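Some notes on the structure that comes next.
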Amino acid sequence: MAPPNEATKPVIDGSHTDNPTGLFTLSDSKLRVNGVTLLSEVPENITFNSFSSICPTSQAPPPLFQQVQSRSHMGGFIGFAQPQPSDCLMNFLGRFTCRNFLSVFRFKTWWSTMSVGTSGSDLQMETQWVLLEVPELDSYALILPLIEGKFRSALHPGRDGHVMVCAESGSTEAKASAFDAIAYVHLSDNPYNLMKEAYSAARVHLNTFRLLEEKSPPPIVDKFGWCTWDAFYLTVDPVGVWHGLNEFVEGGVSPRFLIIDDGWQSVSIDGENPMEDTKNLVLGGTQMTARLYRFEECDRFKKYRGGTMFGTDAPPFDPKRPKMLIAKAIEVEQAEKALDKADQNGVTELSEFESRIRELKHQLSAMMGGGEGGVGAFTKDLRTRFKCLDDVYVWQALCGAWGGVRPGATHLESKVVPVTVSPGLDGTMNDLAVVKIIEGGIGLVHPDQAADYFDSMHSHLAQSGVTGIKVDVIHTLEYVCEEYGGRIELAKAYYEGLTRSLVKNFKGTGLLASMQQCNDFFFLGTQQIAFGRVGDDFWFQDPGGDPMGAYWLQGVHMIHCAYNSLWMGQIIHPDWDMFQSDHLCAKFHAGSRAICGGPVYVSDSVGSHNFGLLKKLVHPDGTVPRCQHFALPTRNCLFKNPLFDGETVLKIWNLNKFGGVVGAFNCQGAGWDRGEQRIRGFPHCYKPTLGSVHMTDIEWDQKIETAAMGEAEEFAVYLDQAEDLKLMTRESEPMQFTVQPSSFEIFSFVPVRKLGQDLRFAPIGLVNMFNCGGTIIEVDHRVGGEGKVGVRIVVKGGGKFLAYSSGRPRKGLLNGGEVEFEWSVDGKLSLCVDWVGESGVSEVGFVF
């Protein structure tokens with residue numbers, strides 16, 4: 001068998017075509033690329049326009065514009081015209097069958113995931129893009145819905161292989177009948193280059209967002225952190241946060257950033273005192289109709305006094321308390337569900353149910369008791385006690401709280417706007433958050449005051465020592481845009497205000513975007529934002545009650561993250577979200593976070609940690625051995641279904657400074673059920689799965705600095721879970737493996753270098769870390785007289801250093817002193833490294 005991805009590719013160069021529009025042509029009801037039909041039965045009202053005809057100039061940086069212009073023959077724009085203007089237009093785009101595709105679609109208002117198929121009818125509602133395999137040209141084509149004027153677009157399935165394009169404004173005040181560039185198409189022989197080139201073209205054309213390469217992500221991307229959400233839910237308070245941070249430090253892993261999630265704000269529910277904190281909020285869902293009534297922290301934090309936690313009488317914290325509160329709140333929730341069910345079934349005597357709910361709520365109120373809190377003094381005390389803590393982020397919804405800002409409670413003009421769900425979301429999954437938001441509406445600050453609104457909240461936080469924000473519930477503006485000119489106009493006003501505040505208050509980078517996975521946000525909200533979630537929430541169990549959900553939901557999460565990074569990674573630095581280190585599948589998650597290329601953070605409850613696992617991810621100083629790129633699916637996974645086809649292992653690749661890495665994860669056992677419109681378990685697929693790996697699975701050329709490594713003749717391959725070291729050449733057969741359900745293997749590939757006459761050498765790194773290659777900072781080779789060879793490797797961390805060496809060294813060195821080492825005839829060369837000083841950087845050397 002030949003190694004994958006090595007076939008000779010035909011030259012595709014539209015600059016030599018006689019067609020002035022480049023590679024794509026539209027004629028005889030067919031959209032063709034280099035003579036190959038992509039779409040047939042294209043309606044007469046569809047137009048194709050060359051890139052240069054639509055975008056002859058741009059305000060983008062000249063070098064970027066020139067790059068896009070040089071590839072303009074590789075793509076073009078699709079438009080259409082209809083006789084009558086409307087605020088929502090659906091149009092046939094064309095038809096394809098028997099052609100593999102990968103797509104990403106919204107399965108909830110704010111979350112997207114992947115889908116594969118072979119015809120236009122296999123697409124899902126609200127498809128954000130579709131990648132088509134074009135084997136006739138050994139290439140790939142992308143159809144990318146865009147925004148135009150006051151409209152945004154998405155793809156929808158049609159019958160008999162047809163593809164539909166939906167253009168909608170979200171407001172009856174904004175109507176149109178014709179578009180010149182409602183979608184973009186592009187061709188490339190490399191799928192990763194294709195995504196980069198297509199989004200670069202969109203950026204130059206729209207000039208409403210910037211690419212990741214034009215921005216700086218926040219410093220937390222290189223670090224370890226703790227998020228309070230799953231630890232406390234809405235009961236978060238200063239005492240609990242303090243004790244939680246202290247446990248990490250005492251356990252040997254110091255968080256460098258803290259995210260105080262939902263629960264710290266001043267919110268009230270309609271029907272209660274509008275200017276007081278709503279009491280006894282515990283579980284997510286109970287707060288989703290609450291509205292922000294002031295921009296300062298809730299009383300639990302506001303009452304905090306500086307120095308409270310330093311005295312001998314510092315408040316203790318019972319780690320069982322949050323779990324007891326959560327358990328009691330679940331009882332309340334179940335009792336309320338029982339009441340609703342009885343009412344729906346026609347039960348007329350409900351007093352017993354109501355009495356039970358009152359009693360449970362009384363018990364919960366007694367358990368909650370009083371609390372002490374206050375953000376400015378609290379963050380100051382945190383930094384005094386926890387010297388490694390660089391950043392403190394806090395949570396907010398884009399519109400303030402889940403229910404927005406309470407009318408009349410602040411100096412801003414706010415009103416409760418009823419929620420209207422767009423037709424395209426009819427095919428998405430039932431979502432408690434949407435149900436609650438529809439129930440209460442959103443207290444929307446007038447878009448003319450968006451900048452004032454964001455600054456009012458963020459200036460207070462910045463003055464209180466908060467360095468960043470997690471902006472959640474982002475994609476709600478489409479619900480409330482009717483009287484504000486539509487979703488595009490409302491989004492522009494809000495994102496401009498958010499951008500201005502980000503620059504003023506958080507150094508232009510301190511923002512984590514969440515619940516934002518729709519093209520509106522990426523095309524309009526990312527002028528400055530450079531960091532965001534690429535997956536749904538980490539669910540430690542299935543909220544729907546499937547007992548296997550604690551296992552299969554974890555693989556679903558990885559699929560979201562890996563495939564969403566293909567497009568989101570062009571614009572923001574991907575964040576794979578938190579997990580809990582004591583979860584049943586914690587190791588499964590940890591393996592993916594180790595090579596995802598982003599930060600590592602957990603939401604452990606106080607007293608519930610697996611420090612042994614965390615130390616395979618995080619250095620003692622709270623930094624992580626991060627990969628140089630962001631993780632993406634390998635080519636041979638792009639058109640497969642690693643969730644429930646029963647045969648595909650998810651493989652993701654990434655790059656280190658001196659090697660590459662492939663993670664193989666068995667995610668089989670769950671996925672999107674189109675008929676049921678939900679993600680569910682497929683238990684017959686939850687089984688051991690076979691796979692193979694090769695050095696060509698790594699896209700070495702995606703970074704200039706690593707491209708040369710892909711040309712190496714031989715590689716040393718370290719298997720993390722098997723703790724084995726193997727050799728592979730470019731001509732080798734792919735390495736076969738079997739992965740158990742909810743399990744993984746990490747393959748670290750390092751080029752083998754010839755030194756002198758006979759010696760071959762490859763540094764693997766500290767193999768007690770999942771991403772061992774990420775621990776290597778620097779490598780030097782010296783070949784001297786009389787055949788003497790010296791190798792110097794600078795590493796960060798402590799543990800077992802491993803290298804491949806075809807010969808036994810004469811001497812091993814560590815930080816200038818001679819040390820013992822182990823070498824075996826199979827080439828394994830190792831020695832022990834201790835964490836040194838504050839930086840943990842050591843110099844390993846060998847003399848041959």
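The values are calculated or read from the model by the stated rules, or taken from the named source; none is laboratory data. Keep in mind that this is a model prediction, so the values were computed, not measured. No Cβ is skipped: glycine too gets one built from the backbone with ideal geometry, and neighbour counts run over all protein chains shown. Please note that ligands, DNA and RNA were not included when accessible areas were found on the heavy atoms of the full protein model with its side chains. Shrake-Rupley method; radii C 1.70, N 1.55, O 1.52, S 1.80 Å.
Quick notes on this structure:
- Scope segment 99-113; condition hydroxyl-bearing (Ser, Thr, Tyr) and in a strand (DSSP E or B); matching residues: Ser103, Ser112, Thr113
- Filter result (acidic (Asp, Glu) and surrounded by fewer than 17 Cβ atoms within 10 Å (Cβ to Cβ)) within segment 801-848: Glu818, Glu820, Glu822, Asp826, Asp834, Glu838
Residue-by-condition table, conditions (1) open to solvent by 10 Å² or more (accessible area, probe 1.4 Å); (2) small (Gly, Ala, Ser); (3) over 14 Å from Ala202 (Cα atoms); (4) out of contact with any helix residue (DSSP H, G or I) (no Cβ under 6 Å at 6 or more places or on another chain):
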position	(1), (2), (3), (4)
Val33	no, no, yes, yes
Ser40	yes, yes, yes, yes
Cys55	no, no, no, no
Ser70	yes, yes, yes, yes
Gly76	no, yes, no, no
Gln82	yes, no, yes, yes
Met90	yes, no, yes, yes
Cys98	yes, no, yes, yes
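- The single condition from (1) of a type outside the set (A, V, I, L, M, F, W, C); (2) part of a helix (DSSP H, G or I); (3) within 19 Å of Met164 (Cβ to Cβ) that Gln66 fails is (3).
- Selected residue (criterion: farthest from Val392 (Cα to Cα)) from residues of segment 246-266 that are open to solvent by 20 Å² or more (accessible area, probe 1.4 Å) and outside any loop (DSSP other than H, G, I, E, B): Glu250
- Contacts under 6 angstrom Cβ, first residue in segment 824-848 being closer than 17 Å to Val624 by Cβ, partner in a loop (DSSP other than H, G, I, E, B) and of a type in the set (Gly, Ala, Ser), 6 or more apart: Trp835/Gly798; Gly840/Gly797
- Hits in segment 744-761 - residues which are open to solvent by less than 30 Å² (accessible area, probe 1.4 Å), of a type outside the set (Gly, Ala, Ser) and closer than 26 Å to Trp653 by Cα: Phe744, Glu745, Ile746, Phe747, Phe749, Val750, Pro751, Val752, Phe761
- If you go through segment 535-554 and keep only what is closer than 23 Å to Ser514 by Cα and among the small types (Gly, Ala, Ser), you end up with Gly535, Gly544, Gly549, Ala550.
- When segment 609-631 is limited to residues that are more than 13 Å from Ser592 (Cβ to Cβ) and among the small types (Gly, Ala, Ser), the one that is least open to solvent (accessible area, probe 1.4 Å) turns out to be Gly622.
- Only residues that are in a strand (DSSP E or B) and buried (at least 24 other Cβ atoms within 10 Å of the Cβ) were counted across segment 115-128, and they come to 1.
- Residue within segment 706-714 that is touching a residue at least 12 places away in the same chain (Cβ under 8 Å), part of a strand (DSSP E or B), open to solvent by 10 Å² or more (accessible area, probe 1.4 Å) and of a type outside the set (Lys, Arg) present: yes
- Scanning segment 456-476 for residues that are open to solvent by less than 10 Å² (accessible area, probe 1.4 Å) and either over 23 Å from Asp577 (Cα atoms) or in a helix (DSSP H, G or I) (or both) yields a count of 3.
- Per-region count, segment 772-800, residues more than 25 Å from Ser839 (Cβ to Cβ) and surrounded by 19 or more Cβ atoms within 10 Å (Cβ to Cβ): 1
- Checking every residue in segment 583-600 against the condition of being polar (S, T, N, Q) and either at pLDDT below 95 or surrounded by fewer than 24 Cβ atoms within 10 Å (Cβ to Cβ) (or both) gives zero matches.
- Residues located in segment 207-245, provided they are over 23 Å from the mean Cα position of the chain (by Cα) and open to solvent by 30 Å² or more (accessible area, probe 1.4 Å): Asn207, His243
- Picking from residues in segment 280-324 that are acidic (Asp, Glu) and assigned to a loop (DSSP other than H, G, I, E, B), the one that is least open to solvent (accessible area, probe 1.4 Å) is Asp318.
- Where Asp697 falls short, out of the listed (1) under 27 Å from Val556 (Cα atoms); (2) of a type in the set (Asp, Glu); (3) more than 30 Å from the chain's Cα centre (by Cα): (3)
- Scanning segment 746-757 for residues that are outside any strand (DSSP E or B) and without any contact (Cβ under 8 Å) to a residue 40 or more places away in the chain turns up just one, Gln757.
- Within segment 482-502, residues that are small (Gly, Ala, Ser) and surrounded by fewer than 24 Cβ atoms within 10 Å (Cβ to Cβ) reach partners that are at pLDDT 95 or above and not in a helix (DSSP H, G or I) with beta carbons closer than 7 Å, at six or more positions or on different chains, in the pairs Gly485/Lys150; Gly485/Ser171; Gly485/Glu173; Gly485/Ala174.
- Some residue of segment 657-666 being closer than 19 Å to Leu553 by Cβ, open to solvent by less than 10 Å² (accessible area, probe 1.4 Å), among the small types (Gly, Ala, Ser) and not in a strand (DSSP E or B): no
- Residue within segment 548-568 that is among the hydroxyl-bearing types (Ser, Thr, Tyr), over 22 Å from Leu131 (Cβ atoms) and not in a helix (DSSP H, G or I) present: no
- Candidate set: segment 758-785, residues that are small (Gly, Ala, Ser) and not in a helix (DSSP H, G or I); chosen: the one nearest to Arg808 (Cα to Cα): Ala762
- Among (1) under 29 Å from Arg71 (Cβ atoms); (2) crowded, with 20+ Cβ neighbours inside 10 Å; (3) in contact with a helix residue (DSSP H, G or I) (Cβ under 7 Å, 6 or more places away or on another chain), the one test that Asp180 misses: (2)
- Test: Ala202 is surrounded by fewer than 21 Cβ atoms within 10 Å (Cβ to Cβ) and in contact with a strand residue (DSSP E or B) (Cβ under 7 Å, 6 or more places away or on another chain): no
- Verdict on Met735 being among the hydrophobic types (A, V, I, L, M, F, W, C) and closer than 28 Å to Leu194 by Cβ: yes
- Number of the condition not met by Asp28 [criteria: (1) modelled with pLDDT under 95; (2) open to solvent by 40 Å² or more (accessible area, probe 1.4 Å)]: (1)
- Condition check for Trp229: touching a Ser or Thr at 6+ places or on another chain (Cβ under 6 Å), closer than 25 Å to Glu297 by Cα and among the aromatic types (Phe, Trp, Tyr): yes
- Considering (1) of a type in the set (Ser, Thr, Tyr); (2) open to solvent by 10 Å² or more (accessible area, probe 1.4 Å); (3) modelled with pLDDT of 95 or more, the lone condition that Thr379 does not fulfil carries the number (2).
- Of all residues making up segment 441-451, the number that are open to solvent by 10 Å² or more (accessible area, probe 1.4 Å) and in contact with a strand residue (DSSP E or B) (Cβ under 8 Å, 6 or more places away or on another chain): 1
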